[in-house]
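Asks: This is the structure I want to talk about, given as structure tokens.
The values are calculated or read from the model by the stated rules, or taken from the named source; none is laboratory data. In this text, all values refer to a predicted model and were calculated from it rather than measured experimentally. Cβ sites come from the backbone with ideal geometry, for glycine too, and all protein chains shown count toward neighbours.
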Amino acid sequence: MSSSSPASKTFVCRSCAQDFPALPRMNFTGMPALAQHLPAAPQQDQGVDFALLQCPFCGLLQLDCPPVPYYREVLRAAAVSPEMTRFRRRQFRSFLRRHNLQGKKILECGCGSGEYLSIMRECGGNAFGWEFHSGNVANCRRLGLPVEQGFFATGQERLTEAPFQAFFCLNFLEHIPDLSAFLAGIRENLSADACGLLEVPNFEMMLRQNTIAEFMRDHLCYFTRETLSGLLQRNGFLVQRTRELFHGYFLSVEVIRRQPCDFSGFQRARDTLCASLRALVQQHGAAKTVVWGASHQTFALLAMASLPEPLLAIIDSSPLKQDRYSPVTNIPIVAPEQIHPGDCSLLIAAAGGYSEEVARLARERFGPTLTIYLLRPDGLAEHPPVTASP
């Protein structure tokens, strides 16, 4: 290991895809080339060199080396660890209970030989596996566990049992070179209301305790709460819960799939607002209707309403807008002095927060009986006429 030194090359962030100068935070030399598939006899290997980089845009810590040849495969020691097995049972039961997932279809992304898959099914989840290594797939099938062979390399992969109501992916994401493609593959195999459980090694613990021996070529990415949440949010998930688990070694997050905005309210508002405007203009006549306020709201409303005839004018107090025309509808924009009492019988005040003030000015200028409507966020509202005192 050596101190960092300037570099002229650039690196594309595995999380946010921004290109940034590959300035090492730390350099590692002569490190083990792999942590799995260990040799059966001594070898004369010299180790590999890699650098730890930090993206200045999203903050992710990542290695500048290519992934190990077996990065798509999952190898884990949980099958021989009673403590881990007990921990997973508690974790999975809680996850299933809180998200009402008993009997629901759940996908494990990178299921290995089925160690966690079998525990999830034991706890009541209808879990299916997705695994790249053919030997692991065969082991799962020998145990009677449902599994498909594959890997989310492009995000276009579709599983036979999709869509799933939930997923879990435990200590696998840190191995993945193309994070967005991997997460897209997960997302597109889920139902719209799905949730998920992800877990990665906890880099915040590494920082607190200076656990230098945790850096390895197998782990391309080192996540904090912030960088993991940012990655997930950029790829269509909303983080609901984040915890440090298993003596602080794991950073665990629960997510839901992001829902698109519901635009039905906008559609109803547009239909109602345009219908109200058309009815008022039909009642008073387009040639006797003015709008006060050459605002973007005015321009949008008039364009959406598609009135059959142009209005008399748009009034605006700004010299910068006077003697111009409204976009799309080509209604002349004039100074207040150019409209006289009797010229109009309907005035729409569309000046945002100034609409009340505009309505008062219009009353003073055009008389107390003029019909005035204010463009409110929730539609057109009549401004009450001034009644004469007895």
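Asks: Within the stretch 217-235, count every residue that is closer than 13 Å to Cys16 by Cα and in a loop (DSSP other than H, G, I, E, B).
Replies: Selection size over the stretch 217-235: 1.
Asks: Has the stretch 213-229 got at least one residue that is modelled with pLDDT of 95 or more, over 22 Å from the mean Cα position of the chain (by Cα), among the β-branched types (Val, Ile, Thr) and surrounded by fewer than 23 Cβ atoms within 10 Å (Cβ to Cβ)?
Replies: No, that holds for no residue.
Asks: Could I ask something else about it? Which numbered condition in (1) surrounded by 17 or more Cβ atoms within 10 Å (Cβ to Cβ); (2) under 26 Å from Ala181 (Cβ atoms) is the only one that Gln91 fails?
Replies: Looking at each condition in turn, Gln91 falls short on (2).
Asks: Taking the stretch 147-203 only, how many residues are in contact (Cβ under 8 Å) with a residue 24 or more places away in the chain and part of a loop (DSSP other than H, G, I, E, B)?
Replies: At the first step, the residues of the stretch 147-203 found to be in contact (Cβ under 8 Å) with a residue 24 or more places away in the chain are 147, 151-159, 161-203.
If we keep only those that are part of a loop (DSSP other than H, G, I, E, B) as well, we get 151-159, 161-163, 171-172, 176-178, 188-189.
Total meeting the criteria: 19.
Asks: Within the stretch 35-77, restricting attention to residues that are touching an Asp or Glu at 6+ places or on another chain (Cβ under 7 Å) and either of a type in the set (A, V, I, L, M, F, W, C) or farther than 16 Å from Asn136 by Cβ (or both), which residue is surrounded by the most Cβ atoms within 10 Å (Cβ to Cβ)?
Replies: Checking each candidate, the answer is Val74.
Asks: Scan the stretch 357-368 and give yes if some residue there is aromatic (Phe, Trp, Tyr), assigned by the TED database to the domain that holds Arg278 and within 46 Å of the chain's Cα centre (by Cα), otherwise no. Step through it out loud before you land on a result.
Replies: Going through the stretch 357-368, the residues aromatic (Phe, Trp, Tyr) turn out to be 366.
Add one more test, that the residue is assigned by the TED database to the domain that holds Arg278, and what stays is 366.
When the remaining residues are screened for being within 46 Å of the chain's Cα centre (by Cα), the result is none.
Within the stretch 357-368, none of the residues are aromatic (Phe, Trp, Tyr), assigned by the TED database to the domain that holds Arg278 and within 46 Å of the chain's Cα centre (by Cα).
Asks: If the Cβ limit is 6 Å and pairs must be 6+ apart or interchain, which residue in the stretch 357-375 that is closer than 16 Å to Leu277 by Cα pairs with which residue that is charged (D, E, K, R)?
Replies: As it stands, the answer is Tyr373/Glu382, since those pairs meet every condition given.
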